[in-house]
1. Looking at Asp52, Asp61, Asp77, Asp90 in this structure, which one is among the acidic types (Asp, Glu), within 19 Å of the chain's Cα centre (by Cα) and modelled with pLDDT of 85 or more?
2. Of a type in the set (A, V, I, L, M, F, W, C) and in contact (Cβ under 8 Å) with a residue 12 or more places away in the chain, is that true of Trp26?
3. Within the set of pairs 6 or more residues apart or between chains, which connect a residue that is among the hydrophobic types (A, V, I, L, M, F, W, C) inside region 74-98 to a residue that is assigned to a loop (DSSP other than H, G, I, E, B) with Cβ atoms less than 9 Å apart?
4. Can you run down the residue pairs with Cβ atoms below 9 Å, 6 or more apart or on separate chains, where the first is in region 1-14 and assigned by TED's automatic domain parsing to the domain that holds Leu28 and the partner is hydrophobic (A, V, I, L, M, F, W, C)?
5. How many residues does region 2-42 hold that are at positive phi and aliphatic (A, V, I, L, M)?
Amino acid sequence: MTFTLAFLAIVAWGLCGPLFDFSQNWQLAVNTSTTITTFLMVFVLQNSQNRDGQALQAKLDELILTSGAENRFIGIDQLDGKELKKVRADINGKVEAEESATTEPRVSSDAKKPL
């Protein structure tokens with residue numbers, strides 16, 4: 001539907017050019033309409049990305065709730081930069097501690113290759 005509408009608008013634009021002899025006013029109208037459309041599409045895309053991010057965060061929160069993960073990670077997207085850096089540092093510290101505690105390299109169960 002949207003593609004058809006856009007295609008018809010382009011055809012109408014192409015047909016109107018010769019009708020108005022490609023005048024300055026015609027060019028101004030076309031340039032203005034494309035600028036406005038582009039400007040509005042930025043907001044449409046940003047809104048879509050925001051909704052996608054919120055849905056992804058809700059899914060991650062649900063996974064955290066249903067798994068053995070620490071519940072302190074729920075709502076982590078609401079933290080400011082300093083708090084987020086502290087959480088990342090804590091996680092990195094745990095990873096390093098776990099890696100130094102294990103003497104054997106971790107092996108994938110499917111491929112039997114080190115991860």
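1. Values: Asp61 fails: modelled with pLDDT of 85 or more; Asp77 fails: modelled with pLDDT of 85 or more; Asp90 fails: within 19 Å of the chain's Cα centre (by Cα).
Exactly one of Asp52, Asp61, Asp77, Asp90 is among the acidic types (Asp, Glu), within 19 Å of the chain's Cα centre (by Cα) and modelled with pLDDT of 85 or more, namely Asp52.
2. no
3. Pairs that qualify, where the first residue is among the hydrophobic types (A, V, I, L, M, F, W, C) and the partner is assigned to a loop (DSSP other than H, G, I, E, B), are Val87/Leu79.
4. Within 9 Å, the pairs are Trp13/Val30.
5. 0
Here is a yes/no grid of residues against (1) in contact with a helix residue (DSSP H, G or I) (Cβ under 7 Å, 6 or more places away or on another chain); (2) not acidic (Asp, Glu):
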site	(1), (2)
Leu8	no, yes
Ala12	no, yes
Asp21	no, no
Trp26	yes, yes
Gly93	no, yes
Glu96	no, no
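The values are calculated or read from the model by the stated rules, or taken from the named source; none is laboratory data. Since the model is a prediction, treat every value here as computed from it, not as a measurement. For neighbour counting, all protein chains shown are included, and Cβ atoms are generated from backbone atoms with ideal geometry for every residue, glycine included.
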